[in-house]
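Below is one structure, written out as structure tokens, with a few remarks after it.
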Amino acid sequence: MTTVRVLVTVAVKKGWDIFQLDVNNAFLHGDLHEEVYMEAPPSLVVDQCSSSRVVCRLNKSLYGLKHASRQWYAKLTKALSSKGYQHSENDHLLFCQKTPSSIIFVAVYVDDVIITGTDSGEIAGLKAFLDQMFKIKDLGRLHYFLGLEVLYKPDDIPISQRKFALDLLKEYQCFDYSSVSLPLDPAIKLKAQEGNLLPDPTYYRKLVGKLNFLTNTRLDITYSVQLLSQFMQAPRDTHLTAAFHLLRYLKKDPTLGVFFSNNLDCSIKAFCDSDWAACPDSRRSVTGYIILVGDSPTSWKSKKQETVSFSSAEAEYRSLRKVVGELVWLSRLFAELTVVQSSPIQVFCDSQSAIHIAHNPVFHERTKHIEVDCYFVRHKLQEGLISLHRVSTHNQLADILIKALTGVKHSAVLGKLAVRASPPT
């Protein structure tokens, strides 16, 4: 999804049209290179001896095969390669064709395809070619892709999951509940062993899975969903209550989403933060980071750290390593998308100690147990890929990804991140 958001961001800023295609019966186009058999369908009448069992040998791929998606991708890759398209080494869902006069990008997610670029004639020719090869539906300009609703406004493009959020509220019968202004109550600390076990844990798991899908545009609930996801193995009634509290927050404004501005600013900046020993059960810290292109958020994450940190500085440094790793990949992706970046990329952290560790190779005694992380961040710092800057806690935008904020702070951070309600269609 980060690749999709980055591609849309670049297209908006460069003024490229974005088109969407749908492939009819995509998995049926895959070729099989080994012998695969299936039981005869109940409606198929065949003459057979009572002592023999008749099966069908498949000549083509079929829905339900474990490798159907792989075979479809191989068939599509072969077709696009014949037209001069190469798949990206940074994300294999992305294909590109670059010539001296044009550049075209194709993003593929199973049977949904996005096409954008500088040459409308080449795009039209590619549509005709794919229709001849696979039979496609030309859905026109990008409006609805993998649950993401795209609107077009003069100054920006808002992307939300309004329909998915409304369907979720309807499925869990939340329209009769009152709405709340925060995704989590800051005063409540959820614990793994607190509360009564749910009789049907699949109900909770299904709900959290759908909430997780909403984080593709709702970065305001990313921390809450990360927290609720920690209790999937043995969910309890307190966890389900918190999940329904989150649904009541969604009810307040289901149209909330991210806005991609069409200004020409393509500079990247990142914010990272951590909440030391946040988990009351394991005492592990939470990492949060957000990466903006211009003023538009394109990549964000909230995740509990893999190990226990000895200090808040160490927790902050591990958060720093995570965002630098993402920036290494993003810088390669932007280069492939022909977006020139001015180095170094600014990374904002509110821990002066973590910044000192990155700059100072002498802190061996305090950092020997996180040595690999230290070398990685220092190497990218010395390469000139990043520059580290201290930001005050008041202006730390990643705060919303590591803990439950109060109402005023929550609204203030969302305003700075261009996260707001989508206008009516």
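The values are calculated or read from the model by the stated rules, or taken from the named source; none is laboratory data. Since this is a predicted model, take the numbers as computed values, not measurements. Cβ coordinates were reconstructed from backbone atoms using ideal geometry, including for glycine residues, and neighbour counts include every protein chain displayed. Areas reflect the complete protein model, heavy atoms only, side chains present, ligands, DNA and RNA absent. Shrake-Rupley method; radii C 1.70, N 1.55, O 1.52, S 1.80 Å.
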Given charges of +1 on the Cβ of Lys and Arg and -1 on the Cβ of Asp and Glu, with all other atoms neutral, how large is the dipole of the chain about its Cα centre, in debye to the nearest 20? 360
Excluding ligands and nucleic acids, what accessible area in Å² is computed for C96 using a 1.4 Å probe, to the nearest 10? 20
Please work out how much accessible surface L142 shows to a 1.4 Å probe, ignoring ligands, DNA and RNA, in Å² rounded to 10. 0
Residue-span extension gain [N25 to S312] - 0.36 nm each, minus C-alpha spacing: 98.1 nm
Taking r as the C-beta separation of A187 and A74 and R0 as 51 Å, the FRET efficiency to the nearest 0.05 is 0.45
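Rolling a 1.4 angstrom probe over the protein heavy atoms, how many square angstrom per residue are accessible across region 258-307?
The answer is 34 Å² per residue.
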Helix axis angle, 162-171 relative to the chain longest principal axis, alpha carbon, degrees: 90
Using a 1.4 Å probe over the heavy atoms of the protein chains, calculate the carbon and sulfur portion of the accessible area of region 89-170 as a whole percent. 54
Rounded, prolate or oblate: which fits region 221-355 when a ≥ b ≥ c are the square roots of the eigenvalues of the alpha-carbon gyration tensor, with rounded for a/c under 1.5 and prolate only if a/b beats b/c? oblate
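Sum -39500 (n - 2.57) across every DSSP H segment of at least 4 residues in the chain, then divide by the residue count to get the 222 nm mean residue ellipticity, nearest 500. Write out the running numbers ahead of the final one.
On the way: 12 runs with 150 residues, N = 425.
Dividing the helical sum by the residues of the chain leaves -11000 deg cm²/dmol.
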List the trypsin sites (Lys or Arg not before Pro) within region 270-379 that DSSP assigns to loop and that have no more than 15 neighbouring Cβ atoms inside 10 Å. R283
Percent carbon-and-sulfur accessible area, region 294-359, ignoring ligands, DNA and RNA, probe 1.4 Å: 52
Under 11 Å from the 7 Å Cα→Cβ point of V110, by amide nitrogen: which residues of region 124-149? 146-147
Fully extended contour minus Cα-Cα distance, from H33 to S179, at 0.36 nm per residue: 47.1 nm
Rounded, prolate or oblate, given the Cα gyration tensor of region 190-284, with a/c below 1.5 counting as rounded? oblate
Angle between the Cα long axis of helix 312-336 and the longest principal axis of the chain, 0 to 90 degrees, nearest 10? 40
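So which GluC sites (Glu not before Pro) in region 1-76 are both in a DSSP loop and have at most 13 other Cβ atoms within 10 Å of their Cβ?
E34, E35
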Taking square-rooted eigenvalues a ≥ b ≥ c of the alpha carbon gyration tensor, is region 294-390 rounded, prolate or oblate, where a/c under 1.5 means rounded and, failing that, a/b exceeding b/c means prolate? prolate
For the pair N263/T99, report the inter-label distance in nm, with labels modelled 7 Å from Cα in the Cβ direction. 3.6
Placed amide H near K304: partners under 5 Å, 5+ positions off or other chain: T287
Separation in nanometres of the label points that stand 7 Å from Cα toward Cβ, at A40 and K135: 2.7
So how much slack lies between H389 and V340, counting 0.36 nm per residue of separation and subtracting their Cα-Cα distance, in nm? 15.4 nm
Distance in nm between label sites at K304 and Y144, each 7 Å beyond Cα in the beta-carbon direction? 3.7
